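Before any comments, here is the structure.
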Amino acid sequence: MSNIIKILSIDGGGIRGIIPAILLAEIEKRTQKPISELFHLIAGTSTGGLLALSLVKPDENRRPEYTAQKVIDLYEIEGENIFSRSVIHRIRSLESLTEEKYPSEGIEGVLRKYFNETHLKEAIVDVLIASYEIEQRIPWFFRSSRAKTQIDYDFPMWQVARATTAAPTFFEPLKINADCVVDYYALIDGGICANNPAMCAYVEAKSNYPDSDDFMLLSLGTGKISRPIIYSESKDWGLAGWAQPILEVVFDSISATVDYQLQKILNLKDREKHYYRFQPKLNEDHAGIDNTTPENIRMLKLITQELIRDCNDEINSLCDLLMR
(Lines give C-alpha, C1' and ligand atoms only; values in the text may rest on other atoms or scores of the structure.)
Protein backbone atom coordinates (compact mmCIF):
# COMPACT_ATOMS: atom_id res chain seq x y z
CA MET A 1 0.00 0.00 0.00
CA SER A 2 2.91 2.36 0.68
CA ASN A 3 3.79 2.31 -3.03
CA ILE A 4 0.32 3.18 -4.28
CA ILE A 5 0.38 5.63 -7.19
CA LYS A 6 -2.23 8.36 -6.69
CA ILE A 7 -3.85 10.11 -9.64
CA LEU A 8 -6.16 13.12 -9.84
CA SER A 9 -8.26 13.83 -12.95
CA ILE A 10 -10.43 16.93 -13.50
CA ASP A 11 -13.09 17.31 -16.22
CA GLY A 12 -13.75 20.30 -18.44
CA GLY A 13 -16.71 22.63 -17.95
CA GLY A 14 -15.84 26.33 -18.01
CA ILE A 15 -16.98 28.34 -14.99
CA ARG A 16 -18.30 25.07 -13.53
CA GLY A 17 -14.66 24.32 -12.69
CA ILE A 18 -15.47 25.95 -9.37
CA ILE A 19 -17.15 22.63 -8.44
CA PRO A 20 -13.95 20.51 -8.44
CA ALA A 21 -12.05 23.46 -6.96
CA ILE A 22 -14.38 23.44 -3.93
CA LEU A 23 -14.06 19.67 -3.59
CA LEU A 24 -10.27 19.92 -3.68
CA ALA A 25 -10.32 22.71 -1.09
CA GLU A 26 -12.32 20.36 1.15
CA ILE A 27 -9.71 17.63 0.67
CA GLU A 28 -6.92 20.08 1.52
CA LYS A 29 -8.85 21.10 4.64
CA ARG A 30 -9.34 17.51 5.82
CA THR A 31 -5.80 16.34 5.08
CA GLN A 32 -4.03 19.61 5.97
CA LYS A 33 -1.89 19.12 2.88
CA PRO A 34 -1.74 20.85 -0.53
CA ILE A 35 -3.12 18.81 -3.40
CA SER A 36 0.32 18.61 -5.03
CA GLU A 37 1.59 16.61 -2.03
CA LEU A 38 -1.25 14.10 -2.21
CA PHE A 39 -0.94 12.95 -5.84
CA HIS A 40 1.79 11.67 -8.14
CA LEU A 41 0.01 12.84 -11.30
CA ILE A 42 -2.67 15.46 -11.97
CA ALA A 43 -4.56 15.53 -15.28
CA GLY A 44 -7.05 18.05 -16.58
CA THR A 45 -9.05 19.12 -19.59
CA SER A 46 -10.21 22.66 -20.33
CA THR A 47 -11.13 24.30 -17.01
CA GLY A 48 -9.80 21.13 -15.37
CA GLY A 49 -6.49 21.76 -17.09
CA LEU A 50 -6.46 25.32 -15.79
CA LEU A 51 -7.15 24.03 -12.29
CA ALA A 52 -4.48 21.33 -12.57
CA LEU A 53 -1.82 23.79 -13.71
CA SER A 54 -2.74 26.21 -10.93
CA LEU A 55 -2.20 23.53 -8.29
CA VAL A 56 1.27 22.57 -9.57
CA LYS A 57 2.64 26.08 -10.22
CA PRO A 58 5.64 26.60 -7.91
CA ASP A 59 6.51 29.70 -5.96
CA GLU A 60 10.09 30.85 -5.48
CA ASN A 61 10.62 28.13 -2.85
CA ARG A 62 9.24 25.29 -4.99
CA ARG A 63 6.09 25.22 -2.91
CA PRO A 64 2.62 25.39 -4.52
CA GLU A 65 1.77 29.03 -5.16
CA TYR A 66 -1.98 28.44 -5.24
CA THR A 67 -4.12 26.44 -2.87
CA ALA A 68 -7.43 25.07 -4.09
CA GLN A 69 -9.13 27.84 -2.09
CA LYS A 70 -7.20 30.45 -4.07
CA VAL A 71 -8.35 28.82 -7.31
CA ILE A 72 -11.95 29.17 -6.12
CA ASP A 73 -11.20 32.89 -5.84
CA LEU A 74 -9.87 32.83 -9.41
CA TYR A 75 -13.24 31.62 -10.69
CA GLU A 76 -15.17 34.12 -8.60
CA ILE A 77 -12.98 37.13 -9.32
CA GLU A 78 -11.74 36.47 -12.86
CA GLY A 79 -14.73 34.65 -14.41
CA GLU A 80 -16.19 37.86 -15.82
CA ASN A 81 -12.79 38.86 -17.24
CA ILE A 82 -12.35 35.47 -18.96
CA PHE A 83 -15.83 35.50 -20.45
CA SER A 84 -16.00 39.16 -21.48
CA ARG A 85 -16.82 40.85 -24.78
CA SER A 86 -17.51 44.36 -25.92
CA VAL A 87 -20.66 45.55 -27.62
CA ILE A 88 -18.62 46.00 -30.80
CA HIS A 89 -17.47 42.36 -30.69
CA ARG A 90 -21.02 41.21 -30.01
CA ILE A 91 -22.27 43.07 -33.07
CA ARG A 92 -19.35 42.11 -35.32
CA SER A 93 -19.69 38.43 -34.48
CA LEU A 94 -23.46 38.48 -35.01
CA GLU A 95 -23.87 37.01 -31.52
CA SER A 96 -21.09 34.43 -32.19
CA LEU A 97 -22.46 33.26 -35.56
CA THR A 98 -19.52 34.58 -37.59
CA GLU A 99 -16.75 34.73 -34.96
CA GLU A 100 -15.86 33.24 -31.61
CA LYS A 101 -18.14 34.37 -28.78
CA TYR A 102 -15.33 35.90 -26.72
CA PRO A 103 -12.13 37.66 -27.83
CA SER A 104 -8.93 36.08 -26.55
CA GLU A 105 -7.61 39.20 -24.79
CA GLY A 106 -9.69 38.56 -21.67
CA ILE A 107 -8.69 34.98 -21.01
CA GLU A 108 -5.07 35.51 -22.06
CA GLY A 109 -4.74 38.47 -19.71
CA VAL A 110 -5.95 36.38 -16.77
CA LEU A 111 -3.70 33.44 -17.64
CA ARG A 112 -0.61 35.63 -18.01
CA LYS A 113 -1.41 37.25 -14.66
CA TYR A 114 -1.67 33.95 -12.80
CA PHE A 115 1.09 31.95 -14.50
CA ASN A 116 3.57 34.67 -15.51
CA GLU A 117 6.47 33.01 -17.35
CA THR A 118 6.39 29.70 -15.47
CA HIS A 119 7.01 26.77 -17.82
CA LEU A 120 5.48 23.32 -17.92
CA LYS A 121 8.74 21.63 -16.89
CA GLU A 122 8.61 23.53 -13.58
CA ALA A 123 5.44 21.74 -12.39
CA ILE A 124 5.79 20.57 -8.78
CA VAL A 125 4.31 17.18 -9.69
CA ASP A 126 3.62 15.61 -13.07
CA VAL A 127 0.68 17.00 -15.03
CA LEU A 128 -1.10 15.82 -18.16
CA ILE A 129 -3.15 18.46 -19.98
CA ALA A 130 -5.43 17.54 -22.88
CA SER A 131 -5.88 19.54 -26.07
CA TYR A 132 -6.61 18.79 -29.73
CA GLU A 133 -4.50 19.67 -32.79
CA ILE A 134 -6.89 20.68 -35.57
CA GLU A 135 -4.50 20.64 -38.56
CA GLN A 136 -3.08 17.21 -37.80
CA ARG A 137 -6.47 16.09 -36.42
CA ILE A 138 -4.97 14.34 -33.40
CA PRO A 139 -5.36 14.52 -29.61
CA TRP A 140 -2.51 16.57 -28.18
CA PHE A 141 -1.28 16.08 -24.62
CA PHE A 142 0.99 18.49 -22.76
CA ARG A 143 3.09 16.34 -20.42
CA SER A 144 5.40 17.86 -17.83
CA SER A 145 7.46 14.65 -17.77
CA ARG A 146 8.24 15.15 -21.47
CA ALA A 147 8.80 18.89 -21.05
CA LYS A 148 11.55 18.17 -18.52
CA THR A 149 13.58 16.16 -21.04
CA GLN A 150 12.68 17.75 -24.39
CA ILE A 151 13.03 21.51 -24.58
CA ASP A 152 10.91 21.76 -27.73
CA TYR A 153 7.94 20.38 -25.76
CA ASP A 154 8.31 22.80 -22.86
CA PHE A 155 5.78 25.63 -23.15
CA PRO A 156 4.76 28.46 -20.82
CA MET A 157 1.97 27.32 -18.51
CA TRP A 158 -0.26 30.18 -19.60
CA GLN A 159 -0.11 28.92 -23.19
CA VAL A 160 -0.88 25.35 -22.10
CA ALA A 161 -3.88 26.64 -20.15
CA ARG A 162 -4.99 28.74 -23.12
CA ALA A 163 -4.76 25.76 -25.49
CA THR A 164 -6.76 23.38 -23.33
CA THR A 165 -9.51 25.99 -22.73
CA ALA A 166 -9.93 27.06 -26.38
CA ALA A 167 -13.52 25.83 -26.60
CA PRO A 168 -14.81 25.99 -30.20
CA THR A 169 -17.30 28.84 -30.76
CA PHE A 170 -16.27 30.39 -27.42
CA PHE A 171 -12.58 31.16 -28.06
CA GLU A 172 -10.42 31.08 -31.18
CA PRO A 173 -7.86 28.26 -31.50
CA LEU A 174 -4.39 28.90 -30.12
CA LYS A 175 -1.39 28.91 -32.45
CA ILE A 176 1.74 27.87 -30.55
CA ASN A 177 5.11 28.26 -32.26
CA ALA A 178 7.19 25.08 -32.23
CA ASP A 179 10.91 24.39 -32.62
CA CYS A 180 10.60 21.05 -34.35
CA VAL A 181 9.50 19.51 -37.65
CA VAL A 182 6.36 21.64 -37.78
CA ASP A 183 6.46 25.40 -37.32
CA TYR A 184 3.47 25.58 -35.01
CA TYR A 185 0.58 23.70 -33.44
CA ALA A 186 -3.04 24.80 -33.86
CA LEU A 187 -4.87 23.75 -30.70
CA ILE A 188 -8.39 23.74 -29.32
CA ASP A 189 -10.14 22.61 -26.14
CA GLY A 190 -9.23 19.10 -25.00
CA GLY A 191 -12.90 18.38 -24.30
CA ILE A 192 -13.22 17.46 -27.98
CA CYS A 193 -11.33 14.23 -27.32
CA ALA A 194 -11.10 13.82 -23.54
CA ASN A 195 -13.55 15.93 -21.57
CA ASN A 196 -13.09 13.38 -18.80
CA PRO A 197 -9.32 12.72 -18.96
CA ALA A 198 -9.29 10.06 -16.23
CA MET A 199 -8.47 7.13 -18.53
CA CYS A 200 -5.73 9.17 -20.22
CA ALA A 201 -4.36 9.92 -16.75
CA TYR A 202 -4.43 6.25 -15.79
CA VAL A 203 -2.54 5.27 -18.94
CA GLU A 204 0.01 8.03 -18.33
CA ALA A 205 0.56 6.85 -14.76
CA LYS A 206 0.98 3.25 -15.92
CA SER A 207 3.61 4.49 -18.38
CA ASN A 208 5.41 6.64 -15.81
CA TYR A 209 5.40 3.90 -13.15
CA PRO A 210 5.78 0.64 -15.11
CA ASP A 211 6.87 -1.35 -12.06
CA SER A 212 3.82 -0.46 -10.01
CA ASP A 213 0.61 -2.48 -10.00
CA ASP A 214 -1.24 -0.44 -7.36
CA PHE A 215 -3.06 2.70 -8.51
CA MET A 216 -5.83 4.84 -7.10
CA LEU A 217 -7.66 7.54 -9.01
CA LEU A 218 -9.85 10.47 -8.01
CA SER A 219 -11.99 11.78 -10.88
CA LEU A 220 -13.82 15.09 -10.47
CA GLY A 221 -16.65 16.19 -12.74
CA THR A 222 -18.04 19.67 -13.26
CA GLY A 223 -21.69 18.67 -13.18
CA LYS A 224 -23.93 16.41 -15.24
CA ILE A 225 -26.93 17.99 -16.94
CA SER A 226 -30.04 16.21 -15.76
CA ARG A 227 -32.45 17.29 -18.51
CA PRO A 228 -33.60 14.30 -20.61
CA ILE A 229 -33.95 14.51 -24.39
CA ILE A 230 -37.56 13.55 -25.03
CA TYR A 231 -38.10 11.15 -27.92
CA SER A 232 -41.33 12.78 -29.14
CA GLU A 233 -39.53 16.14 -29.34
CA SER A 234 -36.26 14.96 -30.85
CA LYS A 235 -37.36 12.33 -33.38
CA ASP A 236 -37.84 14.91 -36.13
CA TRP A 237 -34.87 17.12 -35.29
CA GLY A 238 -32.46 18.05 -38.04
CA LEU A 239 -29.12 19.84 -37.86
CA ALA A 240 -30.59 22.91 -36.17
CA GLY A 241 -32.35 20.87 -33.51
CA TRP A 242 -29.36 18.70 -32.64
CA ALA A 243 -26.68 21.42 -32.92
CA GLN A 244 -26.60 22.31 -29.23
CA PRO A 245 -27.73 19.12 -27.42
CA ILE A 246 -25.45 16.82 -29.42
CA LEU A 247 -22.35 18.33 -27.76
CA GLU A 248 -23.83 17.66 -24.33
CA VAL A 249 -24.66 14.10 -25.38
CA VAL A 250 -21.14 13.46 -26.70
CA PHE A 251 -19.39 14.92 -23.64
CA ASP A 252 -21.68 13.14 -21.15
CA SER A 253 -21.46 9.79 -22.93
CA ILE A 254 -17.66 9.89 -23.20
CA SER A 255 -17.36 10.81 -19.53
CA ALA A 256 -19.76 8.06 -18.49
CA THR A 257 -17.88 5.50 -20.58
CA VAL A 258 -14.57 6.41 -18.95
CA ASP A 259 -16.24 6.20 -15.54
CA TYR A 260 -17.57 2.71 -16.32
CA GLN A 261 -14.16 1.51 -17.54
CA LEU A 262 -12.28 2.72 -14.49
CA GLN A 263 -14.88 1.33 -12.09
CA LYS A 264 -14.20 -2.10 -13.60
CA ILE A 265 -10.41 -1.71 -13.68
CA LEU A 266 -9.68 -0.16 -10.29
CA ASN A 267 -12.52 -1.11 -7.94
CA LEU A 268 -11.80 -4.81 -7.63
CA LYS A 269 -13.91 -7.00 -5.36
CA ASP A 270 -11.02 -8.36 -3.32
CA ARG A 271 -9.68 -5.01 -2.07
CA GLU A 272 -10.80 -1.62 -0.82
CA LYS A 273 -12.06 1.08 -3.13
CA HIS A 274 -9.37 2.60 -5.37
CA TYR A 275 -11.49 4.67 -7.74
CA TYR A 276 -13.59 7.68 -6.73
CA ARG A 277 -15.80 9.80 -8.98
CA PHE A 278 -17.65 12.88 -7.73
CA GLN A 279 -20.14 14.43 -10.13
CA PRO A 280 -23.15 16.55 -9.07
CA LYS A 281 -26.32 16.86 -11.13
CA LEU A 282 -27.19 20.25 -12.64
CA ASN A 283 -30.31 21.63 -14.19
CA GLU A 284 -30.20 23.75 -17.32
CA ASP A 285 -30.21 27.01 -15.37
CA HIS A 286 -26.70 26.28 -14.08
CA ALA A 287 -25.26 24.30 -17.00
CA GLY A 288 -23.77 27.18 -19.00
CA ILE A 289 -19.98 27.12 -19.07
CA ASP A 290 -19.85 30.93 -19.35
CA ASN A 291 -22.54 31.91 -16.83
CA THR A 292 -20.44 34.04 -14.48
CA THR A 293 -23.25 35.86 -12.71
CA PRO A 294 -22.92 36.00 -8.91
CA GLU A 295 -26.24 34.19 -8.63
CA ASN A 296 -25.05 31.25 -10.74
CA ILE A 297 -21.71 30.98 -8.96
CA ARG A 298 -23.51 30.99 -5.63
CA MET A 299 -25.78 28.16 -6.79
CA LEU A 300 -22.80 26.12 -8.03
CA LYS A 301 -21.20 26.54 -4.62
CA LEU A 302 -24.39 25.45 -2.86
CA ILE A 303 -24.74 22.40 -5.14
CA THR A 304 -21.15 21.40 -4.36
CA GLN A 305 -21.62 21.85 -0.61
CA GLU A 306 -24.66 19.57 -0.82
CA LEU A 307 -22.57 16.97 -2.66
CA ILE A 308 -19.90 17.18 0.05
CA ARG A 309 -22.51 16.60 2.76
CA ASP A 310 -24.04 13.67 0.88
CA CYS A 311 -20.64 12.08 0.25
CA ASN A 312 -19.05 12.88 3.62
CA ASP A 313 -18.12 9.28 4.50
CA GLU A 314 -16.78 8.59 1.03
CA ILE A 315 -14.64 11.74 1.13
CA ASN A 316 -13.28 10.70 4.54
CA SER A 317 -12.40 7.28 3.13
CA LEU A 318 -10.66 8.94 0.18
CA CYS A 319 -8.67 11.26 2.46
CA ASP A 320 -7.57 8.32 4.61
CA LEU A 321 -6.26 6.58 1.49
CA LEU A 322 -4.49 9.74 0.29
CA MET A 323 -2.73 10.17 3.63
CA ARG A 324 -1.21 6.69 3.71
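The values are calculated or read from the model by the stated rules, or taken from the named source; none is laboratory data. All figures in this text were calculated on a predicted structure; none of them were measured in a lab. All Cβ positions, even for glycine, are placed from backbone atoms using ideal geometry, and neighbour counts span all protein chains on display. Side chains included, ligands, DNA and RNA excluded: accessible areas come from the protein's heavy atoms. Shrake-Rupley method; radii C 1.70, N 1.55, O 1.52, S 1.80 Å.
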Accessible-area ranking of VAL56, VAL181, largest first, probe 1.4 Å: VAL181, VAL56
Cα-based shape type of the range 163-217, given that a ≥ b ≥ c are square roots of the gyration tensor eigenvalues and the cut on a/c is 1.5: oblate
TYR209 paired with THR149, simple spin-label distance in nm, labels 7 Å along Cα-to-beta-carbon: 1.8
Protection-proxy order for peptides 6-13, 17-24, each taking the mean of Cβ atoms within 10 Å per residue, highest first: 6-13, 17-24
Å² of accessible area per residue within the range 235-324, as computed with a 1.4 Å probe and no ligands counted: 61
Gyration tensor (alpha-carbon) shape descriptor, the range 152-251, a/c threshold 1.5: oblate
Theoretical FRET efficiency, 1/(1+(r/R0)^6), r = Cβ-Cβ of MET323 and VAL181, R0 41 Å, to 0.05: 0.35
Cα-centred dipole magnitude for the range 165-211, charges only on beta-carbon of K, R (+1) and D, E (-1), debye, nearest 20: 120
Residue-averaged 222 nm ellipticity for the chain, from DSSP H runs of 4+ at -39500 (n - 2.57), nearest 500: -13000 deg cm²/dmol
Carbon plus sulfur fraction of accessible area for the range 170-324, probe 1.4 Å, in percent: 53
Shape category assigned to the range 211-324 from the gyration tensor of Cα positions, a/c cut at 1.5: oblate
Theoretical gain in end-to-end length, SER226 to ALA256 [0.36 nm per residue, Cα-Cα removed]: 9.5 nm
Loop-located chymotrypsin sites (Phe, Trp or Tyr not before Pro) in the range 105-196, at most 10 other Cβ atoms within 10 Å (DSSP): none
Cα→Cβ-extended label distance, 7 Å offset, between LYS273 and ILE134, nm: 4.0
Gyration tensor over alpha-carbon atoms, the chain, equivalent ellipsoid semi-axes in Å: 29, 25, 20
Test item: Cα-centred dipole of the range 109-176, Lys/Arg +1 and Asp/Glu -1 on Cβ, debye: 80
Cleavage-rule hits (GluC sites (Glu not before Pro)) in the range 256-324: DSSP loop, at most 15 neighbouring Cβ within 10 angstrom: GLU272
In nm, spacing of pseudo-spin labels at GLN244 and GLU295 (7 Å Cα→C-beta vector): 1.7
Segment ARG112-ARG309, length gained on full extension (0.36 nm per residue, minus Cα span): 67.4 nm
Karplus (6.51, -1.76, 1.60) ³J(HN,Hα), θ = phi - 60°, over the range 138-147, in Hz, Gly and Pro reported as x: 9, x, 10, 10, 7, 10, 5, 4, 6, 4
